[in-house]
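Notes follow once the structure below has been shown.
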Amino acid sequence: MSILDEISQLKKERNAVILAHYYVNDEVQAIADYVGDSFYLSKIATTVEAETIIFCGVSFMGESAKILNPKKKVVMPDMTADCPMAHMADIEKIRQVRKEYQDVAVVCYINSTAKLKTYSDVCVTSSNALKIVKSLPNQHIFFIPDEHLGRYVAAKAPEKHFIFNDGFCHVHKSITPESVAKTKEAHPGAEILVHPECTGEVAAMADYVGSTSGIIEYAGKSSAEEFIVCTELGVLYELKSNNPNKKFYSAGDSQCCPDMKLITLEKVKDALEKMTNTIEMEEDMRIRANKPLERMLELG
Ligand code: 13P
Ligand code: SF4
């Protein structure tokens, strides 16, 4: 039996559904039941009927699925796949900011640990951050952990006062304005598509800034035939299969998230077979982390 047949048989036996982020390896995206950006995946996790979710992504994604769906088994193909940025905020700093600004809303990017979420008022993803921030009654916004997404949203919500945190995604930060300019020189007709985790200098060069789903949607609708992609290159799988006649270029050679790439077909099969890599969480922590996530689903 091929590994694909084994996965499909195990999926039936375990009553499991496979969710995958656009940044995982192509062959894993190909076997997933649902592929999407962080917001889509967190919404889908609340509607699937299967008893088990195999989450092909990094730990904050599996954690969020578990927080929102405590009765489901959430299984990770690789428990070590973790987003470094998810840890880049400090509880003490949150306490300080809350003391300083009585009216502050702690807005937490979903790329964060469950513990950080418990100290936050609302979660956001890159596709709904602006909408949610604008809808909050609070004047002061402490945006954690990603500084770049925070600054991108702040520029579009000048009516709010932002306090920033110094977290970052090393993959998006590694995309430099110089490498984007060089790629544009080689392909002058290409449109530049940028994820808001990139630096402000790179975002300023963009024809479009948005989440992975936003980038995919934009490229599909645009009349341009060539694009420079400034995000993790896993998105090329969907971009190329949706647009076989369009051309996509990377802005450099560092756009690869090593944690997302830990997920392989072999590990998906093992996860289904053994069912041991489950996300577990204290109920008290889950309830507290659930509040900002539920608020995101309501507002987003
Ligand atoms: P989106 O899925 O919101 O585009 O975020 C990208 C990301 O970095 C996920 O790790
Ligand atoms: Fe984290 Fe960046 Fe990897 Fe996304 S691409 S999981 S933000 S390190």
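Multiplying the residue separation of Glu226 and His187 by 0.36 nm and removing their Cα-Cα distance gives an extension gain of 13.3 nm. Within the same chain, lysines fewer than 8 places from Lys11 are excluded, and of the rest, those with a Cα less than 16 Å from its Cα are Lys72, Lys73, Lys267, Lys269, Lys274. Within the same chain, aspartates and glutamates fewer than 8 places from Lys184 are excluded, and of the rest, those with a Cα less than 17 Å from its Cα are Glu201, Asp207, Glu225, Glu226, Asp253.
What the Cβ-Cβ distance of Lys12 and Thr47 gives, at R0 = 30 Å and to the nearest 0.05, is a FRET efficiency of 0.90.
All other residues whose Cβ lies under 11 angstrom from that of Pro292 are scored, Lys and Arg at +1 and Asp and Glu at -1, for a net of +1.
How far, in nm, would the chain grow between Thr278 and Asp5 when pulled straight, counting 0.36 nm per residue and subtracting the alpha carbon separation? Walk me through the intermediate numbers first.
On the way: separation 273, 0.36 × 273 = 98.28 nm, distance 2.30 nm.
Result: 96.0 nm gained on full extension.
Counting only residues at least eight positions apart within a chain, or on another chain, the aspartates and glutamates with an alpha carbon under 20 Å from that of Lys93 are Asp103, Asp121, Asp146, Glu147, Asp166. Of the residues Asn290, Asn111, Asn242, the one that moves most in a GNM of the chain with alpha-carbon contacts below 10 Å is Asn242. For Ile163, nonlocal amide neighbours, meaning residues 5 or more places apart or on other chains whose placed amide H falls under 5 Å from its own, are Ile141, Phe142, Phe143. Comparing Tyr119, Tyr237, Tyr101 in a Gaussian network model of the chain, where Cα atoms under 10 Å apart are tied by springs, the biggest mean-square fluctuation is seen for Tyr101. Computed about the Cα centre, the dipole magnitude for the chain is approximately 700 debye when only Lys and Arg (+1) and Asp and Glu (-1) carry charge, each at its Cβ. Of the GluC sites (Glu not before Pro) found in region 28-68, those in coil by DSSP whose Cβ has at most 11 other Cβ atoms within 10 Å are Glu49.
Classification of the chain by its C-alpha gyration tensor yields an oblate form. The axis ratio a/c (a ≥ b ≥ c) is 1.5 or more, and b/c is at least a/b.
Suppose R0 equals 30 Å. What FRET efficiency, 1/(1 + (r/R0)^6) with r the Cβ-Cβ distance, do Thr176 and Asp90 give to the nearest 0.05? It comes out at approximately 0.65. With the chain treated as a Gaussian network of Cα nodes joined by springs under 10 Å, which of Lys131, Lys66, Lys117 yields the largest mean-square fluctuation? Checking each option, the largest mean-square fluctuation is seen for Lys131.
Taking K and R as +1 and D and E as -1, what net charge do the other residues with C-beta under 13 Å from the C-beta of Ile216 add up to?
Numbers: positive: Lys221, Lys240, Lys246; negative: Asp37, Glu217, Glu232, Glu238.
Counting the neighbours of Ile216, the net charge comes to -1.
Taking a Cβ cut-off of under 13 Å around Ala30, the surrounding Lys, Arg, Asp and Glu residues balance to a net charge of -3, with basic ones at +1 and acidic ones at -1.
Can you pull the percent of the chain's accessible area that's carbon plus sulfur, 1.4 Å probe, other chains left in place?
On the way: 6470 of 13000 Å².
With neighbouring chains kept in place, the figure for the chain is 50 percent.
Length gained on full extension, Lys291 to Arg98, computed as 0.36 nm times the residue gap minus the Cα-Cα distance: 67.7 nm. Between region 18-87 and region 136-175, the C-alpha centres lie 25 angstrom from each other.
For region 144-268, what class follows from the C-alpha gyration tensor (a ≥ b ≥ c being the square roots of its eigenvalues): rounded when a/c is under 1.5, otherwise prolate if a/b is larger than b/c, else oblate?
Values: a/c = 1.69, a/b = 1.21, b/c = 1.39.
In terms of gyration-tensor shape, oblate.
Around the Cα centre of region 175-286, unit charges on the Cβ atoms of Lys, Arg, Asp and Glu (plus for the first two, minus for the last two) sum to a dipole of about 500 debye.
The values are calculated or read from the model by the stated rules, or taken from the named source; none is laboratory data. Keep in mind it's a predicted model, so treat the numbers as computed, not measured. Don't worry about glycine lacking a Cβ; one is built from the backbone with ideal geometry, like all the others, and counts go over all protein chains shown. Areas reflect the complete protein model, heavy atoms only, side chains present, ligands, DNA and RNA absent. Shrake-Rupley method; radii C 1.70, N 1.55, O 1.52, S 1.80 Å.
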